[in-house]
1. Among the residues of region B:120-153, which ones are at positive phi and touching a helix residue (DSSP H, G or I) at 6+ places or on another chain (Cβ under 8 Å)?
2. Are any residues in region A:546-556 over 20 Å from A:R341 (Cβ atoms) and either of a type in the set (S, T, Y) or in contact (Cβ under 8 Å) with a residue 24 or more places away in the chain (or both), and if so, which ones?
3. Confirm whether A:A81 is buried (at least 23 other Cβ atoms within 10 Å of the Cβ) and of a type in the set (A, V, I, L, M, F, W, C).
4. Return the pairs, sorted by first residue and then second, in which the second residue is open to solvent by 70 Å² or more (accessible area, probe 1.4 Å) and of a type outside the set (S, T, N, Q), the first residue lies in region B:119-139 and is outside any strand (DSSP E or B), the beta carbons are less than 6 Å apart, and the residues are 6+ apart or on different chains.
5. Only one of these is in contact with a Gly (Cβ under 7 Å, 6 or more places away or on another chain), over 30 Å from A:V200 (Cβ atoms) and open to solvent by less than 30 Å² (accessible area, probe 1.4 Å): A:A419, A:A413. Name it.
6. Being within 7 Å of chain A (Cβ to nearest Cβ), part of a strand (DSSP E or B) and of a type in the set (D, E, K, R) is the filter here; which residues of region B:61-84 pass it?
7. For region B:31-50, which residues satisfy the criterion of being open to solvent by less than 50 Å² (accessible area, probe 1.4 Å), of a type outside the set (G, A, S) and more than 17 Å from A:V299 (Cβ to Cβ)?
8. Counting only residues that are open to solvent by less than 20 Å² (accessible area, probe 1.4 Å), more than 14 Å from every other protein chain (Cβ to nearest Cβ) and hydroxyl-bearing (S, T, Y), give me the strands (runs of 3 or more DSSP E) lying completely in region A:265-348 with at least 1 of them.
Amino acid sequence: MVCESLLREGVDLVFGLPGGAILPLYQTMPEYPQLRHILVRHEQGAAMAADGYYRASGRVGVAFATSGPGATNLITGIACANMDSSAMVCITGQVARASIGKDAFQEGDTTGVTLPVTKHNYLVMKAADIPRVVKEAFHIAKTGRPGPVLIDIPKDVFIEQAEFEYPDEVDLPGYKPTLEGHPTQIKKAAKLINEAKKPVILAGHGVIISRAFDELKDLAEKAEIPVITTLLGLSSFPETHVLSVGMPGMHGVAYASLAIDESDLLISLGARFDDRVTGRISSFAPNAKIIHIDIDPAVIGQNVKTLVPIVGDVRRVLRALNKQVEGASHTEWLDQIEKLRSEHPSLRLPDNTKLTQQFILKQLSDITKGKAIIVTGVGQHQMWAAQLYTFSEPNTMITSGGAGAMGFEVPAAMGAQLARPNEVVWSIAGDGGFQMTMSELATIVENKIPVKFAIMNNNFLGMVRQWQHMFYNDTFYATEYTGNPDFVALAKAFGIMGLRVTDKTQVADAINSANDHDGPVVVDFVVDPEENVYPMIPPGESINELVEAPDQLAAVLEANPDMMPPS
Amino acid sequence: MATNGKATHTLVALVQDKPGVLNRVSSMFRRRGYNIASLAVGHSEIPNLSRMTFVVEGDDATVEQATKQLYKLIDVVRVNKLSDTDSVSREMALIKVKSTVQTRSEIIQMVEIFKANIVDVSPDSMIIEVTGDQEKIDSFHNLLEPFGVKEVMRTGRVAMDRGPSSSHGLDKSSKL
């Protein structure tokens, strides 16, 4: 029943790890060679790989896990997909119906514990419901604002006999996402755009999810509007484009945050005004009217006040909006941003001989011409990748944004590579995050998945160390990793090519050798642990408290004694 | 309307009658930090749909967010915010009060004034059923207090828009 239903949904790839309660499902798998099963080493890997697969391909990722610990191990991956709007369907085994509620072996309240981190979930109590539930789950996962849906199926329901009848349509009276923007609102938005002197576009993940790349470009070029991209919006607009201004916010480039500060109109496309973007809300975009276009009505007005809200699919709304937007040029405004850019050159590489992450990422960007698929973990390396990699192709940045889940970089890269087998995938990893999920290297070897790993190995939880340095008087407690393995030897133990880089002069060669190798590669970049990410707007603060270089920190802290401790 | 000095709002949601739906709704309210002052659930006139009445504490923005978040739940079909002036709302309470030969007639008088009902009588106590808006029940309760209130059981608020239209815009025979 389950496999037949998955085939109807066009699924051909599943990530999973079996156990007692889901075994009846696994026993039917040999009959379905069309369903490729990737055996992960930890269920978190299955969920995050399914997430990476969805983000890279736009096709719903599928993960299988057994009851109890199998299901709870999925949760970080599910939560991550939920925060970042990734379509995923998880199917978990449950103890037999008669044992539910009896604290049976490996019993867990899976629908209960996943309730707050899924878009929807199901406990299926009879086999005849499976086709309908699978149909609904895929529909809910991929439409509207995408998200994870979990289906929990008791062991004896898998083997119960029932007539297989796959429905053609779903019947969900409580679920009807709005796709087309309201014409009156679109008209108002067009008027504001046509009147604006200093407009900016804030492009978020919604542009990528709705594949509105061309529509965004049309709008930006037609009305000559600079494009700022959020972390998850990176690669929605080519950073080689003259109108690209980069990422704003806590670790964004200063000129992007300053451009928002000075703008008179902010057009937000599929972004949700996360605190990492806005800083202190009361000081965010003080001069701007805000047009907020999003498919999720609940994010509109959630954090910032909006003048023109438009609920709808970004691509469809832009198609309608672009027709009403008049051609314009904003030479003066662009010159002003150019001036900000030259006065606040946020992406200067540190001028020393040390091997820094910034240098490596710049080299990687140059060598791959900004065309590789970049998957990152969370922390300093993530911010530097966001800053220094010049994303020039659509949908090439895959990162755990909202949840900020370390360890994402290994399984998500695996999923992304399986989704786009003919492209080069570079996983930018921290030594901390890598060690959370590196067991998936075995999965990568087993399935010949040629991901290139760049471990930014500073023997520290670098971003936590940076906060300890900046806000906690250099109390470096529990951030130093003194027992890191030899990552090159580790790679070899898995049968993977391993390279170590300790000096700037070796960087280009290592990247080229990894690119030329047709299998997976682990590059251990031994980098300077004391380097910190700048610019930085301290948490909860505004652009006025911007710290652009280490020597400005003391002054900012002194001027704002109430800043501590940050959150 | 205000209780404890905080502004309250009445939301009525039409939800699918499925296992766990109350949990989904209450879990969302808890997770997002919204305060429910009262909650009442019961079948609606449409098969397979229940109606929930929430009294939510908070400002207008909070209530708007709560409404949007309710809509995001797949099992929630319709949400309406009722205005205090254009809607009727009722609560019910059962109040067990001490009564003696000396006080009984005085209590019965009070019951008549408030159009309440005596539903159980024992030698030294009685149970009174009272229906009305929150203020009426509060004041009835306060008046009984001197006699010795032993137990109070109150329902949540149920509410409905005035006038001919239905809050959901659905036909009774809608296929759901």
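The values are calculated or read from the model by the stated rules, or taken from the named source; none is laboratory data. Note that this is a predicted model, so its numbers are computed, not measured. Ideal geometry is used to build each Cβ from the backbone, glycine not excepted, and the neighbour counts take in all protein chains shown. Protein only, heavy atoms only, side chains kept; ligands, DNA and RNA dropped before computing areas. Shrake-Rupley method; radii C 1.70, N 1.55, O 1.52, S 1.80 Å.
1. Within region B:120-153, B:G132 is the sole residue that qualifies.
2. A:L553
3. Yes.
4. Pairs found: none.
5. Exactly one of A:A419, A:A413 is in contact with a Gly (Cβ under 7 Å, 6 or more places away or on another chain), over 30 Å from A:V200 (Cβ atoms) and open to solvent by less than 30 Å² (accessible area, probe 1.4 Å), namely A:A413.
6. Of everything in region B:61-84, nothing turns out to be within 7 Å of chain A (Cβ to nearest Cβ), part of a strand (DSSP E or B) and of a type in the set (D, E, K, R).
7. B:I46, B:L49
8. Output list reads A:265-269.
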